[in-house]
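Have a look at the structure below, then the notes.
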Amino acid sequence: MNLPRGTPREVLAAPHPILSTVAEPVDPTAPEVVAAAADLLATLREEPSTTGLAAPQIGLSLRLIAFDVGLHPRSRSWAGELVVANPRLARASHWDHGREGCASIAGLSADVLRATRITVTGHLPGAGEAVTIEADAFEARCIQHQLDHLDGLLFLDRVPGALSLHRRLHRCDA
Ligand SMILES: [Zn+2]
């Protein structure tokens, strides 16, 4: 990513109201959006066991997601380290359950039904060029988890009951 150096920000914990708010579309070329994207990436890099973050998690109600699943054992596709503005799920297929956690929900994980093959479109903050990401396996799960954050949804909102929750030893977003 060709972004300026950002400043890590605090990751908000549920039930902060911004985490249940629908985030606003952004102009990916606007300087304040580029700065927000850089801060989101800097925060993600500070959270070694977290593979993705969405801007509402750092207190910004903007449609920006950051992810990097390269080190996750359940990853297959790997788009690299990316921040995407106004991401949109263009295609989704091959649904399956898989374990998720969230940096905003300490200590819990659950099995969540997600598509395991997706196509996501959006724009890169900065020059604003269009991107299309084909993702599968854990990267597809991670991206869908971040897209939910932009719509004010947490993974717990997709879990049918408390019995499907598990205590986690490690924090690992998505
Ligand atoms: Zn999350």
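Taking springs between alpha-carbon atoms closer than 10 angstrom, which of 93, 20, 75 fluctuates most in the Gaussian network model of the chain?
93
Helix 137-150 sits at what angle to the longest principal axis of the chain, using alpha carbons and giving 0 to 90 degrees rounded to 10?
70 degrees
Take the Cβ-Cβ distance between residue 32 and residue 166 as r, set R0 to 35 Å, and report the resulting FRET efficiency rounded to the nearest 0.05.
On the way: r = 39 Å, r/R0 = 1.11.
Efficiency computed from Cβ-Cβ geometry: 0.35.
Measuring from a point 7 Å past the Cα of residue 14 along Cα-to-C-beta, which residues in segment 117-146 have an amide N at less than 14 Å?
So the set is 145-146.
Using only the Cα atoms of segment 44-121, build the gyration tensor, take square roots of its eigenvalues as a ≥ b ≥ c, and label the shape rounded, prolate or oblate: rounded if a/c is under 1.5, else prolate if a/b is larger than b/c, else oblate.
Details: a/c = 1.39, a/b = 1.10, b/c = 1.26.
The shape class here is rounded.
Loop-only check: which GluC sites (Glu not before Pro) in segment 1-99 are DSSP coil with at most 11 other Cβ within 10 angstrom? Could you put the intermediate results ahead of the total?
Numbers: sites: 10, 32, 46, 81; in loops: 10, 81.
Passing sites in segment 1-99 are 10.
Using the Karplus equation 6.51 cos²θ - 1.76 cosθ + 1.60 (θ = phi - 60°), what ³J(HN,Hα) coupling, rounded to whole Hz, does each residue of segment 29-46 give in order, writing x for Gly and Pro?
Whole-Hz 3J(HN,Hα) from phi for segment 29-46: 9, 5, x, 6, 6, 4, 5, 5, 4, 5, 5, 5, 5, 4, 5, 4, 5, 6.
Mind jotting down the distance between the C-alpha centroids of segment 133-163 and segment 1-70, whole Å?
Going from one Cα centre to the other spans 16 Å.
Between residue 117 and residues 5 or more places away or on another chain, which pairs have amide H atoms under 5 Å apart, with H built 1.01 Å from N, and which residues are they?
93
Counting DSSP beta bridges with both partners in the chain, what percentage is antiparallel, nearest 5?
Numbers: 30 of 32 bridges.
So the antiparallel bridges amount to about 95 percent of the total.
Distances longer than 20 Å among the Cα atoms of segment 17-167: what percent of all pairs is that? Working shown, then result.
On the way: 5018 of 11325 pairs.
Tail fraction, whole percent: 44.
Here, each number is a calculation from the coordinates, and none is a lab measurement. This one's a predicted model, so the numbers in the text were calculated from it and none came from an experiment. In this analysis, Cβ positions are derived from the backbone assuming ideal geometry, glycine residues included, and neighbour counts consider all displayed protein chains.
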